[in-house]
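Have a look at the structure below, then the notes.
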Amino acid sequence: MIDPQSVFESVKTLIDLNPEDEERITGLCNACAATLSRRLKEGFTGEEDETVYACAAFTVYRYALINSCFDDCFEQLKAGDVTVHRSPSALLESTEKLLADAFSSADCFTDIGFVFKGF
């Protein structure tokens, strides 16, 4: 079984969390740990560093996905001739890369195509 508290500690190394975020992401850590614990290959305990890291990356991805549903579609900051654009899709692309990297190095889950394929 993957320990949700270990996942939470790993999430904190990946992203900065304010107290409100910590409360919201704790539930996601629990859900992601339960989901991926059911996908552990035989011989894995869920305590392996790569297992916890992959679960943390999965949690960050789901958190970004949820937040993208409620973010404005487009944000812009202009300072002189420089304009910076930020969009929820850019955040999702970044977290997809994090997720793909985490799962490519973690050979501890069965692949049922729900998240591994396509990366």
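Here are the numbers for the structure shown:
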read-out	value
Estimated FRET transfer efficiency (residue 111, residue 67; beta-carbon r; R0 25 Å; 0.05)	0.40
Virtual spin-label span in nm between residue 20 and residue 93, 7 Å along Cα→Cβ	2.8 nm
Interchain or long-range residues, amide H under 5 Å from residue 109's placed H	41
Exposure of residue 82 as accessible area (Å², to 10), given a probe of 1.4 Å and all protein chains	90 Å²
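The values are calculated or read from the model by the stated rules, or taken from the named source; none is laboratory data. None of these values were measured; they are calculated from a predicted model. We place every Cβ from the backbone using ideal geometry, glycine too, and count neighbours over all the protein chains shown. Surface accessibility is based on the protein's heavy atoms, side chains included, excluding ligands, DNA and RNA. Shrake-Rupley method; radii C 1.70, N 1.55, O 1.52, S 1.80 Å.
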